[in-house]
Amino acid sequence: MLGLFFLILFYLAFLSLISTSGVYSSEVTYFVQDSIILNLAAFLVVLLLACAIKIFRPTAHWLQCIQTDSQLFFRYRRILLAILAAVAVIWVLAIQCQPGADQLAVQNAVYGLNTGDYSSFTDGYIAMRHHQLSFTWISYLFSVVFGSYNSVAFQVFNVVGLVLFYREFSEVCILSGLSRKISLATVFTGILFYPLIMYCSFVYGNIWGLALSLLAIRFALQFLQQHRCRYAVLAALAILAGICFKFNYIIFLIGILLYAVVETIRQKKVKLLLLPVLLIISILIQSMLPVALARQVTGDPMDRGASTWAWAAMGLQREGPFCPGWYNNYDVYSYWDSEENPQVQSELAKQNLADSIGFFSSHPGEALRFFTVKTASQWNNPTFQCYWITQNPSASFQQSSWVSWFTSENGMALGTSYLNLLQFVILAGSLLYCVLYWKDPKKLAFLMLAMIFVGGFLFHIVWEAKAQYTLSYFVLLIPYAIAGYSKMSGQIILFCKRAHQGKIQIKAKQFWKSKIPLIVLTVAMIVLLSVCYSGGRLSYLSGDTANYAQQTEISQSD
């Protein structure tokens with residue numbers, strides 16, 4: 001798993017080093033040449049900063065106190081979470097974005113439930129997209145308290161979910177064997193990496209689905225370590241709620257399930273099978289209960305939903321108004337062509353999927369270009385569409401000048417430049433983790449997050465693409481990056497001390513033996529990338545550089 005994790009990170013870091021991408025208001029992706037020198041400089045600055053923190057006595061003493069004093073650790077974590085909450089609340093109240101597209105369609109369905117209009121369920125949006133049923137019912141319960149179309153209340157509710165996510169993220173780090181320093185730094189980095197904060201204004205299940213998934217991971221780790229049945233039940237309930245908010249978080253459920261099976265085999269304890277059984281039951285409940293409720297309330301059989309194969313087929317299509325593999329209305333058109341019959345649509349989608357695979361098999365050059373562009377558009381967008389989601393602001397009040405500037409072309413350009421460097425820093429730090437913690441049995445539990453990240457990457461190779469979908473997986477890299485920089489800085493300091501004392505002893509045989517797997521992987525990746533992308537084959541990853549520079553100049557002059 002660590003080897004596969006390393007390969008994916010290496011590839012993403014390579015893309016991030018040489019190029020970057022972004023999304024205009026029309027959701028069209030542009031590809032821009034990146035500065036290799038600036039990215040490497042940012043990496044070195046962060047590494048030197050990590051060394052300085054450990055060398056400087058006051059900060060070194062403070063970190064030691066955090067590691068040994070529980071009350072001090074929890075106090076500083078509460079302070080950081082309070083700052084995070086304050087920033088997020090200020091953002092959602094200052095921007096007050098109104099829902100659009102799928103968000104608005106769900107809210108319209110909720111309004112229909114409140115007014116007795118079930119047209120969305122019988123022949124509208126929900127009738128075709130059954131995967132939105134769970135979130136629709138959650139939104140309906142929310143509307144019972146706060147009313148329909150109360151976007152601000154839901155956005156503030158998202159802030160609570162954001163705080164819960166980082167709190168549970170911190171707990172998962174500790175349960176996985178990482179230090180309290182890394183756990184605290186993860187929360188601090190969550191403030192610096194602000195796309196997730198901006199997504200609090202998204203009237204959707206992204207934030208809460210992620211928070212509840214991390215809560216499920218925490219309970220799962222507690223069950224696998226302490227063998228108390230209540231933690232298995234709580235983990236199943238948490239992940240059930242998470243996939244109800246957003247079905248894509250089933251990737252997290254699968255990751256927990258696989259890790260639980262591995263731990264059951266490793267520990268040789270039949271009792272641990274309780275968690276996989278409960279997770280499977282959660283999937284069955286989520287697949288049946290929302291539809292059953294819709295049938296009971298609306299009286300409609302709810303048997304005409306679009307086939308999920310349509311989104312897989314869409315994800316491998318080269319045609320569309322946006323980037324290859326992105327949304328192109330295939331689900332709608334194929335649904336209509338199939339006369340709203342999900343079985344017929346399923347067969348049509350499978351045939352289209354087979355056609356795409358056949359084309360890529362016979363045209364390897366086109367396949368390489370397609371999957372490179374699709375991957376870069378999703379994973380190499382440092383904003384993860386956090387600015388794009390602000391394109392539908394509230395018309396009920398005049399936004400402040402700082403919000404107008406921050407969401408303008410100039411503000412987005414500056415923010416993108418900052419996030420672009422931070423993105424590479426996180427990827428490079430995560431690579432350091434793979435190198436320095438290779439075959440470390442103490443960090444076995446921490447590979448659950450790596451497994452989920454790998455699952456998300458593989459899933460979105462095939463599925464419909466969007467940069468906003470990958471944010472939930474990219475944020476999982478933060479503690480890996482921090483652990484990598486922490487370990488590397490410690491080794492640099494130790495090396496310098498030994499060099500100063502003249503006590504350097506390099507055990508070459510032991511060093512090479514421990515690093516052989518990663519060395520082989522690194523050399524293989526370098527050779528593979530050199531062959532695949534030689535002769536200017538990467539020009540399409542910087543094809544919009546001139547247009548983007550011109551647009552930025554025009555915006556600055558305006």
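What follows draws every value from the coordinates through simple rules; no lab data is involved. Predicted model, so just to flag it, every value in this text is computed and none were measured. Don't worry about glycine lacking a Cβ; one is built from the backbone with ideal geometry, like all the others, and counts go over all protein chains shown.
Of note:
- Note on Arg295/Phe146: beta-carbon distance plugged into 1/(1 + (r/R0)^6) with R0 of 22 Å gives a FRET efficiency of 0.25.
- Between Ser539 and Ala52, the modelled label-to-label distance comes to 4.3 nm, taking each label 7 Å out from Cα in the direction of the beta carbon.
- Multiplying the residue separation of Gln67 and Ser408 by 0.36 nm and subtracting their alpha-carbon distance yields 118.5 nm.
- Label point distance in nm, Val435-Asp123, each placed 7 Å from Cα along Cα→Cβ: 6.3 nm
- The longest stretch of the chain left intact once loop-based chymotrypsin sites (Phe, Trp or Tyr not before Pro) with at most 12 other Cβ atoms within 10 Å are removed from consideration, loops following DSSP, is 57-396.
- Cα-based Rg / Dmax (Å) for region 39-132: 24.5, 67
- For the pair Asn329 and Asn547 in one chain, pulling the backbone fully straight at 0.36 nm per residue adds 75.7 nm over the alpha carbon distance.
- Binned Cα-Cα distance frequencies in region 185-311 - 10 Å width, integer %: 12, 34, 31, 19, 4, 0
- With R₀ fixed at 25 Å, the C-beta to C-beta distance from Phe74 to Val160 puts the FRET efficiency at about 0.85.
- Nearest-0.05 FRET efficiency for Glu339 and Ile493, computed from C-beta distance (R0 60 Å): 0.30
- Relative to the current alpha-carbon distance between Val87 and Leu38, full extension at 0.36 nm per residue lengthens the span by 14.8 nm.
- Residue range of the chain that is longest and free of GluC sites (Glu not before Pro) which are both DSSP loop and sparsely packed (at most 16 other C-beta within 10 Å): 1-318
- Cα pair distances of region 278-354 binned at 10 Å [whole percent]: 19, 35, 32, 14, 0
- Cα-based convex hull, the chain, per residue volume (Å³, whole number): 181 Å³
- Hull shadow area, averaged, region 312-438 [alpha-carbon convex hull, nm²]: 13.0 nm²
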